[in-house]
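The values are calculated or read from the model by the stated rules, or taken from the named source; none is laboratory data. On a predicted model such as this, the values are computed, not experimentally measured, just so you know. For neighbour counting, all protein chains shown are included, and Cβ atoms are generated from backbone atoms with ideal geometry for every residue, glycine included. Ligands, DNA and RNA are stripped out before the accessible areas are found, and what is left, the full protein with its side chains, is counted by its heavy atoms. Shrake-Rupley method; radii C 1.70, N 1.55, O 1.52, S 1.80 Å.
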Amino acid sequence: MRAFTYTLLIVAISLFALACGKPDTITVTHNGPTPALSPASTPDEFAIARATFKKNCSECHGENGTGGLKTVDGKKLKIPNLREGHALHHPDDDFIKQITKGGDGMPAFKDKLTPEQMTDLVKFIRHEFQGK
């Protein structure tokens, strides 16, 4: 009977030691599809540029960048479409130059926008309207 008690005690101590040696973390394997992030949890990297465009550009170029015939300060102007045509082929530097200096009926924004805002606008236009 004594041998049985000692054997039982040794088994109990061994199981206790084994259980104490395991980490407290639990590993869970998920084999299903990864859940998509909700739109509210995905930050809009173009939020500031979008607001800048809306405030300074959308009156002429339109909310969706299509431009067209507009009357600005009593003058009829053909506003370039930022989604197609020449706008797709202009290098970023040409956009920055046009935004900075203006011309062809477009006002200069060198005193209204910082160089960073102008660069962000070009990135926004490329992404939002040109799919680049």
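Modelled spin labels at residue 111 and residue 42, positioned 7 Å past Cα toward Cβ, are 4.1 nm from each other.
Here is the link list: 97/123; 78/123; 55/112; 54/112; 75/97; 75/101. Which ones come out longer than 21 Å on Cα distance? From the list (97/123; 78/123; 55/112; 54/112; 75/97; 75/101), the Cα-Cα distance tops 21 Å for 78/123; 75/97.
Of the solvent-accessible surface of the stretch 60-132, computed with a 1.4 Å probe over protein heavy atoms with every protein chain present, carbon and sulfur atoms account for 52 percent. A straight Cα-to-Cα reach below 16 Å connects residue 76 with the aspartates and glutamates 59, 104, residues fewer than 8 places away in its own chain not being considered. Residue by residue, the stretch 82-88 carries 3J(HN,Hα) couplings of 7, 9, 8, x, 4, 4, 6 Hz when phi is fed to the Karplus relation 6.51 cos²θ - 1.76 cosθ + 1.60 (θ = phi - 60°); x denotes Gly or Pro.
Using a cut-off of 11 Å between beta-carbons, work out the net charge of the residues near residue 46 (Lys and Arg +1, Asp and Glu -1, residue 46 not included).
-1
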